[in-house]
Structures are given as structure tokens and as C-alpha cells.
1. In terms of the Cα gyration tensor, with a ≥ b ≥ c the square roots of its eigenvalues, is region 30-70 rounded because a/c is under 1.5, prolate because a/b exceeds b/c, or oblate?
2. Give me the accessible area of LYS14, 1.4 Å probe, in Å² rounded to the nearest 10.
3. Largest first, what is the accessible-area ranking of ILE86, ILE30 with a 1.4 Å probe?
4. From largest accessible area down, sort GLU51, GLU78, GLU97; use a 1.4 Å probe on the protein chains.
Amino acid sequence: MDVKAYISEMDLSKLTLSDIVTAIASGAMIFGGVVPYIPQYRTIRRTLNCEGFSPFVCFVLLIANILRVTFWFGKRFEYPLLAQSILMIGAMLAMVELCVRVRNKSEIVQSKQHSLRGM
């Protein structure tokens, strides 16, 4: 079934306030965990300084969300929680990647140039 057919078959007159509140709560649950990391990501990228950012927090959140996704295969729970976990895994991987890239740029020391001289 395509999207247009699905929308035309939906009866919006049966949409209740409870449905709207549930949809908003689900959206807040899915994106609420990732939103605080957006300004932090932008600041680290702009300043190229990740001091004060702990990659261990990302590590703990990665493990927790990977375990939650793995648990979902054994015992199904609500889809918004699954979507939140998948989104958080992506966000934490992006944060760790940025942190590693910034630290590599700031910690690389120019090595002495070596050349082969006549033997």
C-alpha cells in the first residue's frame, strides 16, 4: 500500500486528543535523548576542542543502548524506545568520531624529517 492510499483511507475525524498527545510524547521520547548532544557536537566541531567531554559517557551510553536493542529481540517493547536506542547509538558514534578526529588533529606532533644520505 502506498502512502497516498494510506492517508486517504485514514479517517482524521476519529483522531482524538489522546492520539495526538501519544504521538507528541513518542516524538519527545525518541528525540529527547539526542537533542542535548547537538549543541555540544556543534561547539566541539567549531572550536576543535573537546576538553571537558568524556568519551566514557559515550561508551556507557553505547553499551546501554546496544544492550537495549539486543534485549528487544528477546522481549519486544515499545517501538519509540527502540527508535530512541538506535538514534542514540548513531549520536554516540558521531560524538566519539568527532572527539577522536579533534584529538588526533590537536595531538599529532610533527616528526623529524628523515632522509637517506649517501652511503
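The values are calculated or read from the model by the stated rules, or taken from the named source; none is laboratory data. On a predicted model such as this, the values are computed, not experimentally measured, just so you know. Ligands, DNA and RNA are excluded from the accessible area calculation, which covers all protein heavy atoms including side chains. Shrake-Rupley method; radii C 1.70, N 1.55, O 1.52, S 1.80 Å.
1. Since a/c reaches 1.5 but b/c is at least a/b, the shape of region 30-70 is classed as oblate.
2. 150
3. ILE86, ILE30
4. Descending accessible area places them as GLU51, GLU78, GLU97.
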